[in-house]
Amino acid sequence: MKILLIHNFYQYWGGEDSYVTSLKKLLEKNGHEVYLYSKDSKNIKTFWDKIKVGIGLFYNPWVEKELIKIIKEFKPDIVQIQNIYPLITPIVYRVCKKFNIPIVQRISNFRWVCPKGLLFRKGKICELCVKKKFSYPSIIFGCYHNSRIATLLFSLSFYFYKLTGVFDLIDKIIFPTKFIQRYYLESIDFLSKNKTVVIPNFTLPEQNYSLKINNIGNYFIYVGRLSEEKGIISLLETFKSLPKVKLLIIGDGPLGKKINEYKEFKNIEFKQFLNRGMVKNYLSKAILCIVPSIGYDVFPNVIIESFSVGVPVILPNKSNFKNLIKNGKTGLYYDNNIYSKKNLTITIKKNS
């Protein structure tokens, strides 16, 4: 089968980016022919780039032209779309449907109900826009890229495409968990359950790492985006107060500069982006992997990666993480409180 994958890579590498690259490898390994059509938000640098993005949110002739050429030459049997913002946009649905190509959309964030895509603002979960026909609260707060203008343009664009019925062109929507599937079905009136399916994340066996069971390290590990909703600051504050317990942080993100303040603590070590083989190598030697998210994190890839190397996971006891681990067997739940690190500290102390 010929499969066209479409994805807009994020400014900071994240779970969706890893998923798409792994999916391409998995499909090719199983005999499919795959073409990845992608854009990268890191290429938005100049003022003209931003103007072009703003125009493209409503009509993107550049993407339309490129995609038509690819479809005519590659002749895909099906297309799977991951992220389309801000450089690809919903124009892809119309182009694919013009050529009668079945469209599969995977949704791994909350972008359809929240311009920021995170349901998170000022240190806590925010659902002001979820059931609004037009997400005007996000414009007031400038949620999208911390800009009222950018948020206005995105919100108007999404509203425009929703009114024109472009999202109805999607044949199937994949959600990674039942939680996000249920959340969308309860929040979006134009989405029908028979169009949706739950397919969890996966991980590939990596060739460039070796599991050494007898060489277990003496550290806890965090792998992921360095951003507020991930709970990274609370985690660092916890280990700051536990000088005899080691923590390894692997990742990058918008809080990179803020995190520099914690490099003076000798029990905390930082590493930026590593390939998945090296990440699994560090995971395989950890005591426990910590996922301290304080937002509605969907399904961090690191959970599956930790399981694949036999390492348990610590998760906050929240509805979005329900049934992802067997408490006391494959991991531990701790009572989450976004205003205090007390419960996380107690859980770590008990298992260090």
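Scanning the stretch 168-178 for residues that are farther than 26 Å from Asn100 by Cα and either free of Cβ contacts under 8 Å to residues at least 24 places away in the same chain or surrounded by fewer than 20 Cβ atoms within 10 Å (Cβ to Cβ) (or both) yields one hit, Lys178. Checked against (1) over 19 Å from the mean Cα position of the chain (by Cα); (2) charged (D, E, K, R); (3) under 26 Å from Phe202 (Cβ atoms), Lys131 passes all but a single condition, namely (3).
Any residue at all in the stretch 40-47 that is among the polar types (S, T, N, Q) and under 25 Å from the mean Cα position of the chain (by Cα)?
yes
For Ile81, the criteria (1) closer than 27 Å to Arg225 by Cα; (2) in contact with a strand residue (DSSP E or B) (Cβ under 9 Å, 6 or more places away or on another chain); (3) surrounded by fewer than 20 Cβ atoms within 10 Å (Cβ to Cβ) hold in every case but one, which is (3). With respect to the stated conditions, Lys131 fails to be charged (D, E, K, R), more than 14 Å from Ile6 (Cβ to Cβ), in the same structural domain as Tyr12 (by TED's automatic domain parsing) and modelled with pLDDT of 95 or more.
Scanning the stretch 77-122 for residues that are over 18 Å from the mean Cα position of the chain (by Cα) and either basic (Lys, Arg) or in a loop (DSSP other than H, G, I, E, B) (or both) yields Asp77, Pro90, Arg94, Lys97, Lys98, Phe99, Asn100, Ile101, Pro102, Lys122.
Between Asn267, Asn260, Asn317, the distinction of being polar (S, T, N, Q) and out of contact with any strand residue (DSSP E or B) (no Cβ under 6 Å at 6 or more places or on another chain) belongs to Asn260 only.
The values are calculated or read from the model by the stated rules, or taken from the named source; none is laboratory data. Keep in mind it's a predicted model, so treat the numbers as computed, not measured. Methodologically, a virtual Cβ is constructed for each residue, glycine included, from the backbone with ideal geometry; neighbour enumeration extends over all protein chains shown.
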